[in-house]
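Reading through the structure tokens given below for one structure.
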Amino acid sequence: QVQHVESGGGLVQPGGSLTLSCAASGNMLGLYIRGWYRQAPGKQRELVATIHSSGTTTYADSVKGRFTISRDYAKNTHDLRMNNLRPEDTAVYYCNAVVRTIGPLQDHDYWGQGTQVTVAS
């Protein structure tokens, strides 16, 4: 089991910046992907960004060039730096970790409680 505590959400004006942070604890053996997802009202949860244990990152097209995901192994955290925020970025943001176990091979998703990000003037 992996537990997450998220922080950093809030209200920001269009064009502004926020950094979300996710602190993980628990049994992280086999954890190999960390990420951020978001869910806007009336919409499905969508991937925002992920970072693999190799360091490879992926981003949704809508946030490329504006958002940056990073990790700190010593602190067991991963952050999402969000620049040039737009009203359409308004959503509840969830941090995620994927743990792979063997016997049988299986991936397990662990989620944070979510933090609200609102972009409005």
* To do: With a cut-off of at most 15 other beta carbons within 10 Å, and DSSP calling the residue loop, which chymotrypsin sites (Phe, Trp or Tyr not before Pro) in region 1-75 qualify? Please list them.
  => 73
* To do: Work out from phi, with θ = phi - 60° and the Karplus expression 6.51 cos²θ - 1.76 cosθ + 1.60, the ³J(HN,Hα) of each residue of region 95-100, listed in order in whole Hz, and give x for Gly and Pro.
  => 8, 9, 9, 10, 10, 9
* Structure fact -> Of 25, 54, 62, the most mobile residue in a GNM of the chain (C-alpha springs, cutoff 10 Å) is 54
* Counting only protein heavy atoms, what percent of the accessible surface of the chain is carbon or sulfur at a 1.4 Å probe? -> 50
* Hey, what do the phi angles of region 60-72 turn into as Karplus ³J(HN,Hα) couplings, whole Hz, using 6.51/-1.76/1.60 and θ = phi - 60°, x for Gly and Pro? -> 5, 4, 5, 10, 4, x, 10, 10, 9, 9, 9, 9, 9
* Amide H within-cut-off set for residue 16, under 5 Å, with H built and near neighbours excluded -> 85
* 1.4 Å probe accessible area per residue over the chain, in Å² -> 54
* **For region 78-90, Karplus couplings with θ = phi - 60° (6.51, -1.76, 1.60), whole Hz, Gly/Pro x** => 9, 10, 10, 8, 10, 10, 6, 5, 10, x, 6, 7, 4
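The values are calculated or read from the model by the stated rules, or taken from the named source; none is laboratory data. In this text the structure is predicted, and so the values were computed from the model without any measurement. Every residue, glycine as well, gets a Cβ built from its backbone with ideal geometry; the counts of neighbours run over all protein chains shown. SASA here: full protein model, heavy atoms, side chains in, ligands and nucleic acids out. Shrake-Rupley method; radii C 1.70, N 1.55, O 1.52, S 1.80 Å.
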